[in-house]
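Visitor: Questions regarding the structure given below will be posed in turn.
The values are calculated or read from the model by the stated rules, or taken from the named source; none is laboratory data. Keep in mind it's a predicted model, so treat the numbers as computed, not measured. Here the Cβ is made from the backbone with ideal geometry for all residues, glycine too, and neighbour counts use every protein chain on show.
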Amino acid sequence: MSPYSDALYRVVYAWALTFAPHVFKVTSLGAGGYKWDNRLGRNNMGRDLKVDDAVLARAKRADAAHQNGHESLLLFAPAVVAAISAGVSGDEVDKFTKLYLLFRAIYVVVYIANSSNNLLATLRTGVWGGSVYCSITLLLRAAKLLAAKNL
């Protein structure tokens, strides 16, 4: 495997990391007695969910982490493709895609687990920023290489 093919696999891993909070949400609501109605899709969260308040709060945080993952993935995936296409060094692509996954994994865990700790909320924001930094850095490195080639 090469750093470039590994990076493309990491886009798939990033998608899985984005989907994991949804699975956690549905599972935890089910354990709390709620029967997920797949016909309602996203409207399930808008219903009067008769579950314990702590379970509901955690499910809402998982839902927010899931949605934020989609927003983040929209920047990360094209950044990886742009970096590979422009010829950003394999070492840099490898480093920033690994860091992105690490930041996103920490983000998801901290977001779902934290209900009231300001320090953890600040950590969540910091690791979110780290993941954005990785994507932006890959895009900027790709843009610089393309500009040098007048492309």
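Visitor: Which of the residues belonging to segment 24-81 are surrounded by fewer than 17 Cβ atoms within 10 Å (Cβ to Cβ), over 30 Å from residue 93 (Cα atoms) and under 17 Å from the mean Cα position of the chain (by Cα)?
Guide: Passing the criteria: only 60.
Visitor: Exactly one condition in (1) at pLDDT 95 or above; (2) touching a helix residue (DSSP H, G or I) at 6+ places or on another chain (Cβ under 8 Å); (3) acidic (Asp, Glu) is false for residue 71; which is it?
Guide: So residue 71 meets the others, but not (2).
Visitor: Every residue in segment 85-97 that is closer than 13 Å to residue 8 by Cβ, surrounded by fewer than 20 Cβ atoms within 10 Å (Cβ to Cβ) and not acidic (Asp, Glu), please.
Guide: 85, 90
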